[in-house]
Amino acid sequence: MRILYCRFQIKFYDRITFAFLGYLFLFAYLPALAQTVSTGTGTIIRQRISINENWRFFKYDSITPADNLFYDVRPEVDDFQDDRPADTKPTEAENIEATQIVLKPWILPAGNDFIKDPTKHYERPDGNPGSDFPFVQSDFDDNTWENVNLPHDWAIKGPFYEGPNTEVGGGMGRLPSHGVAWYRKKLEILESDEGKSIFLDVDGAMSYAMVWLNGKLIGGWPYGYTSWRLDLTPYIIPGGENQLAIRLDNPNNSSRWYPGGGIYRNVWLVKTDPIHVGQWGTYITTSDVSKTSAKINLEIIIDNDSQNDVVVSTITKIFELDSEGKQSGDVVAEIKTSETKITAVNKGKVEGSAIIENPKLWGPPPTQTPKQYVAVTTLFYGEKQIDQYETKFGIRSLRFDPNSGVYVNGELIKIKGVNQHHDLGALGVAFNTRAAERQLEILREMGCNAIRISHNPPAPELLELTDKMGFLVMDEAFDVWQRRKTPNDFHLIFPEWYEQDLRSMIRRDRNNPSVIIWSFGNEVGEQYTDEAGAALAKLLNDICKEEDPTRPTTSAMNWAKPDMPFPTAMNVISLNYQGEGIRQDPMFEGTDRIRTVPQYDPYHKKFPDKVILTSESASAASSRGIYLFPVTPDITSPIRDGRGGDSKFKHVSAYELYAVDFGSSVDKVFGSIDQHPFVAGEFVWNGFDYIGEPTPYYEARSSYTGIIDLAGFKKDRFYIYQAHWRPELPMVHILPHWNWPERVGEITPVHVFSSGDEAELFLNGNSLGRKKKGQYEYRLRWDDVKYKPGELKVIAYKNGEEWAEDVVKTTDNPAKLELSVDRNRINDDGKDLSFITAKVIDKNGLTVPTATNNIKFKIEGPGEIVATDNGDPTDFVPFPSHERKAFSGLALVIIRSKEGEPGSIILIAKSPELEEAQVVVKVK
Ligand code: GAL
């Protein structure tokens, strides 16, 4: 056992001259219960107010010891290795014990609503730790602190930690996400708010949030990915000054990817009558779904925070939503619940159901439409309407067939999915709806119909988008349980928080029609602990089932085999890489790493009643537009120098044949899934490159495994997925580029991805032959082409008919810049974004695929440049820079409107020796 001693950090107090000792010796403060009854005014008082604007922010630099307001002690980290392969066996937790007062006893009660057994609820201890700490006090002068708006990611601006043995390594993205920081804001609470219930709703804060209001510690939430609520009511001073102070403490060595840091999702103030619909208090399921009718089942949890027993009733009216998500048309069904008594300071549940005739079903495009409804619940206290609460939902049937896959409304939908981490590239983790929507649009263009949220609950708005756009979602809670992958990861809080975090994810997300599977884990260490691990899996599975019996459960497995106990604990078998086999290349013979023969058949045999899918496939890697020679003749290869990799320049070849050691190329994955038609489909690792985890080159800043790079530019891999996932779309794509002055006469293989079945390749007008795809082949390859400058042209055929054409030409030198926008009209809400691509082109307008020119961007009009990027995992220029080198000919600029300022934004791009370019974005 290791005992940790947490010392007072005197140095800090000297520095900012606050005398401060002894705050841990508790102030006798016991929050009085609100002495309120229903206002009974007859008006609905629910308000949900965004409080994202105008926060004050302060972060200790990483060297200065911060304050002593610890949530809990953490293990001493002596193992800084962050480039461990992702499939390293997780290890046991360290046993640590606090020898000082820590604040978690005051934080744990915040999760009580999510602990089923009331005897296990936490009671707030006496005292009010931290109350004399200056930052929590109303009269503390925070004028010198930075002014920020939420969602906010404190780390994304950088700078990057470059080089070996840095404070933050490649795994967490080399950005300063770690450390302690404070956010402060004065809340507007009116005199007339007296008697209301007032809540703080935080959609996500990274991490270990602890909240003080008016100097009182009121709670918090450690897991950075969970959405949580605190009841401010007992602490509020109506009509007075209300000072909110939130402390975050984001540990280093806590994540296998970039976690970001800060209050990085939306924050709300919710005001209600003391009698109100509870947090995520409605639960809608649909049953007996057909084209002609569907049953809507509704449960409502009503909180009575008043001191009186009350009798309440509800009426819920259901309306259609239009494609913009707005309520439209007349009431299509109504659910009334009879009068129900709820005792003082208690919760009550009411239930009801209704039939909708000819329902408009929710389903994934292109064959179905994601139609949605909204249930508008009015809560009555006697005759008086006291609350109104809206629940969006969809009507759809789901069936999981172990021999074919997932049926949505009776149609078999093969899962063509990708994994997505929570960062939005150069914008970091600060959630932005447009940035997330753009990602989904690009994925949709590729034919992707499903997202696995790896490996943590997403921003709620992401699920609003997947609902609206019709993606299927695997919603996932955890990357680790009790056993750890990194020294400070979630395993530290798992024992005390797993139930609250899991239940809260499901309660929040169970009305989202896009969510089809709950995942309670990813590659957890408990796969290795036989019955004990399986028992824990079963416990988590049962929690999912209690919260939502309508959806199947899973936990992704990269190690567990069919004859082990672990897979018995879930409904759906989710395999990471095991389906096509792991480390099958002969070079791995004798390795002590995971080496597995293909597992689809053994799993199907052992579990003939369970659906099998691939929750992670491929982990193929590439740097957009970088092609390395020689090219492997195999259909898949691990990455090594001279074999798809370049450890000097830290790039992986975009021939798209190379994968991390435990992964496989796209071609191999497709083949293995197609040969096992019972497999429900795949979630590729991964959709967009993300910050951190730059396997195989941890000296870099961001991943190589995305199909689309960090800037949102398509790698060649995009087209092999599009070819396979959208067979009806006429398309063909050639790789590599054709600018190889140093390779004249050398073998330079040409590969072609097409939704056709045959193609003929021409070099400078001469046919290099017509080739046809064989069974389980997904590319056409001309591996003996000798490079000659000029033009490569491919004509693809399908069923013998001409189908599509692509041309790649040797370009001239860089001559000009060209700018193009994803949208040339954006809203003046201060949030909307335009993504502008800068291309380096030659005098004929062709993108120069090798160009690396440095481009400077200038903006005029009512907008700002938020970030630039180019998708190069090795580029350490901070994201907010207005200057960016092109990478393989491209760079990206992200601009944002200013709130309430319509007009025209002009973006100008300049680079020495190149003709400049301009583009206009209208703000309305
Ligand atoms: C998997 C893991 C993912 C990611 C991926 C990278 O083993 O589940 O989170 O690390 O490898 O290739």
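Observations on the model:
- Long-range neighbours under 7 Å by Cβ, at least six apart or interchain, first residue without any contact (Cβ under 8 Å) to a residue 40 or more places away in the chain within segment 154-167, second in a loop (DSSP other than H, G, I, E, B): 161/167; 161/168; 161/174; 166/174
- Residue match in segment 86-104 (condition: among the acidic types (Asp, Glu) and at pLDDT 95 or above): no
- In the set (1) open to solvent by 80 Å² or more (accessible area, probe 1.4 Å); (2) under 29 Å from residue 507 (Cα atoms), the condition left unmet by residue 97 is number (2).
- Scanning segment 668-678 for residues that are open to solvent by 10 Å² or more (accessible area, probe 1.4 Å) and either within 13 Å of residue 637 (Cβ to Cβ) or within 15 Å of the ligand (Cβ to nearest atom) (or both) gives a single hit, 668.
- The number of residues in segment 432-482 that are within 15 Å of residue 204 (Cβ to Cβ), open to solvent by 10 Å² or more (accessible area, probe 1.4 Å) and assigned to a loop (DSSP other than H, G, I, E, B) comes to 1.
- Residue within segment 730-738 that is within 16 Å of the ligand (Cβ to nearest atom), more than 23 Å from residue 636 (Cα to Cα) and of a type in the set (A, V, I, L, M) present: no
- Filtering segment 829-844 to residues that are assigned to a loop (DSSP other than H, G, I, E, B) and open to solvent by 40 Å² or more (accessible area, probe 1.4 Å) leaves 829, 831, 843, 844.
- Single residue of 398, 321 found to be surrounded by 17 or more Cβ atoms within 10 Å (Cβ to Cβ), more than 30 Å from residue 613 (Cα to Cα) and hydrophobic (A, V, I, L, M, F, W, C): 321
Let's see how each residue does on (1) more than 20 Å from residue 48 (Cα to Cα); (2) in contact with a Cys (Cβ under 7 Å, 6 or more places away or on another chain); (3) surrounded by fewer than 21 Cβ atoms within 10 Å (Cβ to Cβ):
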position	(1), (2), (3)
168	yes, no, no
171	yes, no, no
175	yes, no, no
186	no, no, yes
197	no, no, no
201	no, no, yes
209	yes, no, no
213	no, no, no
217	yes, no, no
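- Among residues that are more than 30 Å from residue 297 (Cβ to Cβ) and either at pLDDT below 95 or in a strand (DSSP E or B) (or both), residue 237 is not included.
- Residue satisfying all of: in segment 520-549; within 16 Å of the ligand (Cβ to nearest atom) and either hydroxyl-bearing (Ser, Thr, Tyr) or in a loop (DSSP other than H, G, I, E, B) (or both); farthest from residue 486 (Cα to Cα) among these: 528
- Condition check for residue 229: open to solvent by 10 Å² or more (accessible area, probe 1.4 Å) and either among the small types (Gly, Ala, Ser) or not in a loop (DSSP other than H, G, I, E, B) (or both): yes
- Of 101, 63, 115, all but one fail to be more than 31 Å from the chain's Cα centre (by Cα) and β-branched (Val, Ile, Thr); the exception is 101.
- Residue that is farthest from residue 906 (Cα to Cα), among those in segment 810-828 that are part of a strand (DSSP E or B) and basic (Lys, Arg): 816
- Across segment 46-80, the qualifying residues are those that are without any contact (Cβ under 8 Å) to a residue 60 or more places away in the chain and closer than 22 Å to residue 155 by Cα, and the one among them that is most open to solvent (accessible area, probe 1.4 Å) is 63.
- From the options 335, 315, 342, residue that is of a type in the set (A, V, I, L, M, F, W, C) and either more than 16 Å from residue 379 (Cβ to Cβ) or surrounded by fewer than 18 Cβ atoms within 10 Å (Cβ to Cβ) (or both): 315
- Highlighted here are the strands (runs of 3 or more DSSP E) found entirely within segment 278-387 that include at least 3 residues which are under 22 Å from residue 547 (Cβ atoms) and aliphatic (A, V, I, L, M): 293-304.
- Tallying residues that are more than 12 Å from the ligand (Cβ to nearest atom), open to solvent by less than 10 Å² (accessible area, probe 1.4 Å) and part of a loop (DSSP other than H, G, I, E, B) within segment 635-664 yields 5.
- The residue pairs whose first member lies in segment 606-618 and is closer than 14 Å to residue 417 by Cβ, whose second member is within 12 Å of the ligand (Cβ to nearest atom) and open to solvent by 10 Å² or more (accessible area, probe 1.4 Å), and whose beta carbons are closer than 7 Å, counting only pairs six or more residues apart or on different chains, are 616/685; 617/685; 618/663; 618/685.
- Single residue of segment 690-706 satisfying the filter (among the aromatic types (Phe, Trp, Tyr) and more than 10 Å from the ligand (Cβ to nearest atom)) that is surrounded by the most Cβ atoms within 10 Å (Cβ to Cβ): 697
- Checking the stated criteria, residue 475 turns out to be closer than 21 Å to residue 458 by Cα, charged (D, E, K, R) and away from the ligand (no atom under 14 Å from the Cβ).
- Unique residue being without any contact (Cβ under 8 Å) to a residue 60 or more places away in the chain and touching a helix residue (DSSP H, G or I) at 6+ places or on another chain (Cβ under 9 Å) when the list is 278, 239, 219: 239
- If you go through segment 72-99 and pick out every residue that is over 16 Å from residue 487 (Cβ atoms) and more than 16 Å from the ligand (Cβ to nearest atom), you end up with 3.
- Qualifying residue in segment 242-249 (condition: away from the ligand (no atom under 16 Å from the Cβ), in contact (Cβ under 8 Å) with a residue 24 or more places away in the chain and over 30 Å from the mean Cα position of the chain (by Cα)): yes
- Segment 887-924, residues that are surrounded by 13 or more Cβ atoms within 10 Å (Cβ to Cβ), out of contact with any Lys or Arg (no Cβ under 9 Å at 6 or more places or on another chain), farther than 29 Å from residue 622 by Cα and not acidic (Asp, Glu): 898, 918, 919, 920
- Counting only residues that are open to solvent by 50 Å² or more (accessible area, probe 1.4 Å), touching a residue at least 40 places away in the same chain (Cβ under 8 Å) and more than 16 Å from the ligand (Cβ to nearest atom), segment 558-583 holds 2 of them.
- Residue list for segment 584-625, filter: crowded, with 21+ Cβ neighbours inside 10 Å and not in a strand (DSSP E or B): 599, 600, 603, 611, 619, 621, 622, 623, 624, 625
- Evaluated against (1) assigned to a loop (DSSP other than H, G, I, E, B); (2) more than 16 Å from the ligand (Cβ to nearest atom), residue 256 falls short on exactly one condition, (2).
The values are calculated or read from the model by the stated rules, or taken from the named source; none is laboratory data. Just so you know, these numbers come straight off a predicted model, no measurement behind them. Every residue, glycine as well, gets a Cβ built from its backbone with ideal geometry; the counts of neighbours run over all protein chains shown. Accessible surface areas use protein heavy atoms only, side chains included; no ligands, DNA or RNA. Shrake-Rupley method; radii C 1.70, N 1.55, O 1.52, S 1.80 Å.
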